[in-house]
Every structure is written in structure tokens, then in C-alpha cells.
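Peer 1: Take this structure first; my questions come after.
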Amino acid sequence: MMYEHLLMETKEQVAVVTINNPKSLNALNSATLAELNACLAEIEKSKDIRVVIITGAGAKAFVAGADISEMVNATAAEGRAMALLAKEAFRRLETMPQATIAAVNGYALGGGCELAMSCDIRVAAENAVFGQPECGLGILPGFGGTQRLARLVGKGRAKELIFTCDKIDAQEAYRIGL
Ligand code: DAK
């Protein structure tokens, strides 16, 4: 299948899915989320693919978040639809039979951090930056971050990251269990 916002490459039993919107640091717009959901649904059915690696195009970002330019004019109903789409895709990633790995090659903010947390395993490059900065935009993490972050790092650290919008590097993320 061809995608506009994803690259998908399969080598032996490993599929590498690359979020490919490098101009916006791989921000997740609705079209990308829909493609990711469709791509994962295909992989899920495959008996040959055993491992899925999720990563971002370019040298700077894994995924810098949900696409703010799309969200800024969204109605409540459109925001809800976008969040439900992301939740469906991320839940699929979390529960699919394949082992899933986030190769975090740069910024993993907001929806990007939430995408990484939906994988079984996170491997971070030295330049990885994690954070849930949604509160700075006057919203809360909407793609499962409040739940998945707390499960990984504990409620206190999750609340601290969400309330402060702090960005943390790979070493700090490793230290706190993210
Ligand atoms: N969305 C759209 N465009 C983005 C983006 C994003 N999240 N992040 C970066 N970009 C774009 C920039 O606008 C810029 O575009 P041009 O100006 O070149 O057109 C380009 O990517 C390069 O970014 P910068 O020039 O800013 O690059 P820097 O190296 O200076 O900075 C940065 C990198 C990652 C620190 C910075 O770009 C940044 O702070 N980005 C925003 C990060 C962020 O706030 N992410 C969280 C987004 S909110 C919901 C609830 C919540 C959510 C959704 C639904 N419901 C309950 C319905 C929200 C979730 C989120 O993820």
C-alpha cells in the first residue's frame, strides 16, 4: 500500500514504519493518523511480520506532537474525532500481536511521546527529547498520555511532567523509566 504521510519498509520479519512529515517535525495530522491506523491494521493481519519499529523521518524529530495548525481551528467535535482516531491507532499498536519498538530519534512531544509510550519498548537516541507540553497550549494530553505516562513513571512524575510542560532528555527519560 502507498501512503502520503508514512514510509513502510519490510525486511525479513521486521516492518519499519516512518512518520514522514519532516517539514512539521512529523506532526500528526488527521490524515497521518488515519494512515497509521490503516497501516497497523494491515500489519496486524500479517503472519510474516513479527516486529514493528516506529520512527520519524529526518534527523530532528520522532514526532513533535499532534498537528497544532490543524487543531487550532478545530471545533470540539473535530477535536474529539481526532483524539478518537489517535486512540484507535495507538491502542492497535499497544495490543497488536507483533512486538513494537519506538525508535525515538529526536523530539517526542505531546502526541509523539504518547505514540512512543504505546509501543512495547522505547529506544532513544542521544538527541531524544520527551515531554507532554499540552498544558502550555491550554489543553490536556488527549491521546492516552495521562494514563500511559503514569503507568510507566508513576503518578507523581507523570503529573509533574504534564503540569510543568518540562522537556526531558534521553538520560533523564531513562532514569525515570520512560
Ligand atoms: N504541529 C505543527 N507543526 C509543528 C509542530 C506541531 N506539533 N511542531 C513543529 N512544527 C513545525 C513548526 O511550526 C515549523 O514549521 P515552519 O515554521 O517551518 O512552517 C517546523 O515544524 C519546524 O519547527 P521549529 O522551527 O519550531 O523548530 P525548532 O527546532 O525551533 O523547535 C520544537 C522544535 C519541537 C521545540 C518546536 O517546534 C515545538 O515546540 N513544537 C511544538 C511542540 C508541541 O507543543 N507539541 C505538542 C502538541 S499538542 C486533544 C488533546 C490534546 C491534543 C490533541 C487532542 N483532545 C482532547 C481532543 C494535543 C496533542 C499534542 O500533541
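Peer 1: For segment 102-178, what is the convex hull (Cα atoms) projected area averaged across all directions, in square nanometres? Display every interim value, and only then the final one.
Peer 2: Values: hull surface 16.6 nm².
Mean shadow area of the hull around the Cα atoms is 4.1 nm².
Peer 1: Moving to a separate point now. Measure up 23/60; 60/87; 11/60 against 21 Å on the Cα-Cα distance and list the ones that go over.
Peer 2: Values: 23/60 10 Å; 60/87 25 Å; 11/60 24 Å.
60/87; 11/60, as the Cα separations exceed 21 Å there.
Peer 1: If you average 1/r over every pair of different alpha-carbon atoms in segment 49-132 and take one over that average, what Kirkwood value in Å do you get?
Peer 2: On the way: mean 1/r = 0.0751 Å⁻¹.
For segment 49-132, inverting the mean 1/r across all distinct Cα pairs yields 13.3 Å.
Peer 1: Rounded to the nearest 5, what is the percent of antiparallel bridges among the DSSP beta bridges in the chain?
Peer 2: Details: 8 of 28 bridges.
Given both bridge residues lie in the chain, the antiparallel proportion sits at roughly 30 percent.
Peer 1: Could you list, bin by bin from short to long, the percent of Cα-Cα pairs of segment 19-65 in 5 Å steps?
Peer 2: Result, from short to long distances: 5, 22, 24, 20, 16, 10, 2 percent.
Peer 1: Let me ask something additional. Looking at the P(r) of segment 1-96, how many percent of alpha-carbon pairs lie beyond 23 Å?
Peer 2: On the way: 1100 of 4560 pairs.
More than 23 Å apart: 24 percent of the Cα pairs in segment 1-96.
Peer 1: Further question on the same structure: If each DSSP helix of 4+ residues adds -39,500 (n - 2.57) and the sum is divided by the residues in the chain, what number results at 222 nm, nearest 500 deg cm²/dmol? Intermediate results must be reported in sequence, preceding the final value.
Peer 2: Numbers: 7 runs with 72 residues, N = 178.
Rounded to the nearest 500, it is -12000 deg cm²/dmol.
Peer 1: Can you give the Kirkwood hydrodynamic radius for segment 68-107, in Å, rounded to one decimal and based on Cα pairs? The partial results should precede the final answer.
Peer 2: Numbers: mean 1/r = 0.0818 Å⁻¹.
It works out to 12.2 Å.
Peer 1: Now for a separate question. Across segment 32-178, what fraction of all alpha-carbon pairs, as a whole percent, falls in each successive 10 Å bin from zero upward?
Peer 2: Going from the shortest bin to the longest, the percentages are 12, 43, 36, 9, 0.
Throughout, read-outs are computed from the coordinates displayed, never taken from laboratory work. The structure displayed is predicted, hence computed values, not measured ones.
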